[in-house]
1. Pick from region 165-188 the residues that are surrounded by fewer than 17 Cβ atoms within 10 Å (Cβ to Cβ) and in contact with a helix residue (DSSP H, G or I) (Cβ under 8 Å, 6 or more places away or on another chain): which of them is farthest from A126 (Cα to Cα)?
2. I'm checking my understanding of the structure. Among residues of region 58-67 that are crowded, with 18+ Cβ neighbours inside 10 Å and touching a Lys or Arg at 6+ places or on another chain (Cβ under 7 Å), which one is nearest to T121 (Cα to Cα)?
3. Pairs, please: C-beta under 7 Å, at least 6 apart or cross-chain, first residue within 21 Å of A45 (Cβ to Cβ) and in region 68-93, second among the hydroxyl-bearing types (S, T, Y) and assigned to a helix (DSSP H, G or I)?
4. Keeping to region 94-114, report how many residues are among the small types (G, A, S) and without any contact (Cβ under 8 Å) to a residue 60 or more places away in the chain.
5. Could you pull out the residue among P191, P132 that is surrounded by fewer than 17 Cβ atoms within 10 Å (Cβ to Cβ) and either closer than 23 Å to E40 by Cβ or of a type in the set (K, R) (or both)?
6. Condition test on R162, is it within 25 Å of G35 (Cβ to Cβ), buried (at least 16 other Cβ atoms within 10 Å of the Cβ) and touching a residue at least 24 places away in the same chain (Cβ under 8 Å)?
7. On the basis of being farther than 22 Å from L23 by Cβ, of a type in the set (S, T, Y) and in contact with a strand residue (DSSP E or B) (Cβ under 8 Å, 6 or more places away or on another chain), does T179 make the cut?
Amino acid sequence: MNHYLVVGSDSGVGKTHIICALLRDLRTRGVSALGVKPLECGNRADTRAIREAAATQMSLEQLNPIYLRAGADPCISAELERRTISADVMQQTYAAVCSSAEVLLLEGVGGWLVPLAQGVTQADAAEKLNLPIILVVGNRPGAVNHTLLTIQDIQRRGLVCRGIILNHLTDDWDSASLTNRKLIEDFTGLPILAELIHGQDELDSSFLSM
């Protein structure tokens with residue numbers, strides 16, 4: 001089985017968009033694939049998109065067991081609803097669905113170190129889960145710094161980053177968007193698994209079985 005945790009170097013880098021593109025491509029290849037989002041804040045638009053892309057009959061609650069209505073950081077959203085998010089949130093979600101598909105993509109929330117609860121970050125939850133990681137990076141100014149800091153902490157925790165997906169967030173191509181890829185490859189030593197231009201909704205999923 002090829003199961004991965006898909007996280008972002010920052011918020012708004014397109015994790016859901018990329019997961020959906022991968023799920024659609026996997027389906028065309030006849031591969032059993034599922035995406036889940038253990039935690040979602042604000043609304044369930046991402047979970048709905050993932051369910052549609054996977055063409056699954058599983059419920060929103062199965063794909064997204066923790067839904068918080070406030071569109072804030074998870075720890076704040078949970079506090080407003082007087083709930084507590086455990087560092088086991090990813091582990092528990094994975095345990096419930098791990099036998100459901102050959103390829104399973106768990107989507108993180110926000111950036112790598114986003115707080116989930118007092119003294120608990122998403123990185124702590126990912127460490128407990130211990131799945132290989134795919135890092136989504138928004139190709140914009142600051143991307144190299146965010147990527148290096150994220151990879152540094154991933155590796156410090158003894159986790160494996162399978163590679164990086166670079167996502168162009170706008171139609172504009174500035175000097176950063178033209179040079180980020182080489183700098184990220186040079187400084188991390190990790191492969192760029194895919195690079196999407198803005199608006200691209202098709203993605204070759206073959207690297208998931210490599």
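1. Checked region 165-188; the qualifying residue farthest from A126 (Cα to Cα) is A176.
2. Only one residue tops the list, namely N64.
3. That search, which allows pairs on different chains as well, returns L68/S77; A70/S77.
4. Adding up the residues that qualify gives 3.
5. Numbers: P191 fails: either closer than 23 Å to E40 by Cβ or of a type in the set (K, R) (or both).
Only one candidate qualifies: P132.
6. yes
7. No.
Here's the yes/no breakdown for (1) surrounded by fewer than 22 Cβ atoms within 10 Å (Cβ to Cβ); (2) more than 26 Å from R140 (Cα to Cα):
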| site | (1), (2) |
| --- | --- |
| L5 | no, no |
| S11 | yes, no |
| K15 | no, no |
| A21 | yes, no |
| T28 | yes, yes |
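Since every read-out is calculated from the coordinates, none of them should be taken as a lab result. The shown structure was predicted, so the numbers you read here are calculated from the model rather than taken from an experiment. Every residue, glycine among them, receives a Cβ derived from its backbone with ideal geometry; neighbour counts consider all protein chains shown.
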